[in-house]
Each structure stands twice: as C-alpha cells, then as structure tokens.
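Right, one structure below, let's go through it.
Values quoted throughout were computed directly from the atomic coordinates according to the rules given, and no laboratory measurement underlies them. Every value quoted in this text rests on a predicted model; they were computed, and no experiment measured them. Here the Cβ positions follow ideal geometry from the backbone for every residue, glycine too, while neighbour counts run over all protein chains shown.
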Amino acid sequence: MSDGMSNVRVESADRSWTTTKVVAVVLAILTGGYLLPWAIAAVRDVPHWSVFWVNLLLGWTVVGWIVALVMALRAQKLIITG
C-alpha cells in the first residue's frame, strides 16, 4: 500500500549545519565590508553618491575599493555663512 509518503526523509533535529552557518556569517561580514566606504561617506556627509557608484562598480577590485575609501575619508569642505 503506497500513500505517496514513501519518499519523505526525517532528519535528526540536532544535526549541525556548521559549514553553512560559518559561510553565512563570513558572507554577511564580507558584504558589509564591501559597502563600508559608502557607509562611511554617508555618515560623514561627504558627497556619498559618487562614492556609492565607485564602490558598487569598481569595489570588487582592491584598487577600486581603496579609491572609494579614500573618497569617503577625504576632508569635508568648510562652508562659512554669515
């Protein structure tokens, strides 16, 4: 008698997916690190959209990521009013 349930497999609840968890955490850290120059620029109120585009398009290269970081850390322009 076959009720269609013969292909169901039950796994132990305590089975560890350590590799998956480690990969997930490393990937999350790398993703955050990838966009770090843009986040720094946004927090520092420098023109962050130019940093965003350089970071997004060229950040995968080490040189592009460093250029974006330097752009984010550059001195802010001082505007004197009054």
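Annotations for the structure displayed:
- Net length gained if the chain between Ala28 and Ala75 were fully extended (0.36 nm per residue, minus Cα distance): 14.0 nm
- With each label modelled as a point 7 angstrom along the Cα→C-beta vector, the Thr19-Leu58 pair spans 3.8 nm.
- When Rg and the Kirkwood Rh are both derived from Cα coordinates, the Rg/Rh ratio for the range 36-82 amounts to 1.08.
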